[in-house]
Amino acid sequence: MEITLTVQLALTIDPTEQYPLAVITEILAKQNITSILVEALVECLNERSVKNFCGEKHAHGNGTERFQRSATCTRSAVTTAGEHTFTLDYVEDTTAGEDEQSHFRPVENLIQFDGKKRYQEDISLKTADLATTLSYRDAASAGDGFEKMPSPDTIQRRVKDYGQKLSSFVSDHIPGTEAETVIPDGTKCHSQDDDRSQHEVQITLAEDDDGETRSVLDVSVNADWIDIASDLDEQNAITDDASVVSDSENRLVTAFTAEDRYHQLDLVHVPRSLRHRLSVDGALELETRKEIISDVSGELFHLKNSVEKHRPEEEYSAIRKRIARTRERIEKTTWQLSQFGSEKAAAYLRRGLPSMQTFAEKALDGIEVRWTSNPVERAMGEVAKRCKRDWMQWSRDGLNAVLQLRLVKYQDPDRYNQFFDTVLCESLNEKIHCTTSVEATGGEV
């Protein structure tokens, strides 16, 4: 089907003035030309569609045809082109049975409206995208390029809808991922639900071998790490010998390090965790605690630098010596802390030392393991910017939806854009061809 529209535009200007291009553009934008064209095009398609069923209006013999013209009604819609009001026709199928639909709008065989919703998919998706960065209220007032924006409540409903759909979309691509590096972490957000004051947020990222690309394996709210890990295992999303890089949270480590997997404790977390335990123990003066933290941190990062220096040249004996030296010095510090009565700090070093050196031990086998969980820490920063302000309180479903959109957009933008294209049926663009031409047909000075 081909539709041709003729556009008439009358522009009056003072030839003694010079107009900035931006002024001309603004004047044309105020004419809502795109919105007018959309309405004219849809109504033209409406008439052609009705004609295909019912023939020309008032043509002789129409009264005996199966399909009869029926009522005409208006349909309002809002898109990124503006606010529209369409005049559309119903057709009656005179042979329809009692259980069959007898009245329908033929144009809807060509044009898909988003159900009975006023705001169509294009503007809904754009506002949901804005809500990944802005509050619902700010998102509603941020669409300067749109004639009309949904209300904050409408945006909230659409975010929940798209968040659930995106979660399913991502889940469909998870099976068979077989990630060799997994980086999980958790945080908390304020809750508005009656049964809890805070929501537990769990994020699991996968990283490829060279560390260049990462993807979201799972985003959950108030889930159990055991259930998350088991679900990912069932989908073959993680290899049996994957490396797990995280902090020392017991539930997390236990859930992901079953079988032959190995755990690397984020070295950046060690000074912070050790500082906290030394403070809780209260057995040492502040300056002594600082010195111990500095010594332990220095040993670990010396080991890290040694691995980075010697691994490319396969100088494994140097790495082996540094591992032994690091272990010896930290074990000595652990013994001293026990003697001083700082049991929590000593237990932390004793229990965590093997995981602190995993990246170095694996380097001896020619396997590169990252020593920091920085990627998921940056993802947590995205959570904090959008969801952890003091005045923000969330329902479980609302928080989960925003996190799905925000984190997939941040961590895996290609998949995020692919989801948007799928919702908007971008593949149909190839089946639509549109050309535009403008001809000056008159005017006077």
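The values are calculated or read from the model by the stated rules, or taken from the named source; none is laboratory data. This structure is a prediction, so every number in the text was calculated from the model and none was measured. Note: ideal-geometry Cβ built from the backbone for every residue, glycine included; neighbour counts use all protein chains shown. Remember, those area values only see protein heavy atoms, side chains included, never the ligands or the DNA or RNA. Shrake-Rupley method; radii C 1.70, N 1.55, O 1.52, S 1.80 Å.
Tabulated data for the structure shown
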| item | result |
| --- | --- |
| Within a Gaussian network of the chain (alpha carbon springs, distance under 10 Å), most fluctuating of Gly115, Gly381, Gly163 | Gly115 |
| Within region 99-136: backbone nitrogen closer than 13 Å to the Asp153 label point (7 Å, Cα to C-beta) | none |
| All-pairs Cα distance distribution in region 188-303, expressed in whole percent, bin size 5 Å | 2, 9, 15, 17, 15, 14, 13, 10, 5, 1, 0 |
| Residue of Thr154, Thr187, Thr16 that the Gaussian network model of the chain assigns the largest fluctuation, springs spanning Cα pairs under 10 Å | Thr16 |
| Spacing of the two label points (7 Å from each Cα toward its C-beta) at Glu343 and Ser168, in nm | 5.3 |
| Positive-pole candidate from His84, Ser273, Gln418, dipole of the chain, charges at beta carbon | Ser273 |
| Gyration tensor verdict on region 234-365 (Cα atoms; rounded if a/c is under 1.5, prolate if a/b is larger than b/c, oblate otherwise) | oblate |
| The chain - percent relative contact order, Cα under 8 Å, separation 6 or more | 14 |
| FRET E, pair Glu17, Asn109, Förster distance 60 Å, beta-carbon r, rounded to 0.05 | 0.75 |
| Accessible-area composition of region 337-445, carbon plus sulfur, in percent [1.4 Å probe] | 48 |
| The chain - charge dipole about Cα centre, Lys and Arg +1 at Cβ, Asp and Glu -1, debye rounded to 20 | 1620 |
| Max mean-square fluctuation residue, GNM over the chain, Cα-Cα springs under 10 Å, options Gly82, Gly352, Gly61 | Gly61 |
| Using a Förster distance of 22 Å, the FRET efficiency for Lys362-Ala318 (Cβ separation, nearest 0.05) | 0.90 |
| Volume of the Cα convex hull of region 297-445, divided per residue and given in Å³ | 343 |
| Calculated over region 55-204: convex hull of Cα atoms, volume per residue (Å³) | 226 |
| Bins of 5 Å from zero: percent of alpha-carbon pairs in region 368-445 | 3, 10, 13, 13, 12, 10, 8, 7, 6, 5, 4, 4, 3, 1, 1, 0 |
| Mean accessible surface per residue for the chain, computed with a 1.4 Å probe while every protein chain stays in place, in Å² | 58 |
| Size of electric dipole in region 235-366: Cβ of Lys, Arg +1 and of Asp, Glu -1, about Cα centre, debye, nearest 20 | 360 |
| For region 131-210: span of alpha carbons on each principal axis (Å, largest first) | 47, 35, 22 |
| Glu56 versus Ser279: modelled label distance in nm, points set 7 Å from Cα along the beta carbon direction | 8.7 |
| Charge tally in the Cβ shell below 14 Å around Val23, where Lys, Arg are +1 and Asp, Glu are -1, Val23 excluded | -2 |
| Projected label distance in nm at Glu430 and Glu65, using a 7 Å step from Cα toward the beta-carbon | 3.5 |
| FRET E, pair Ala29, Met392, Förster distance 45 Å, beta-carbon r, rounded to 0.05 | 0.80 |
| Rg/Rg_globular for the chain, with Rg_globular taken as 2.2 N^0.38 Å and Rg from C-alpha atoms | 1.41 |
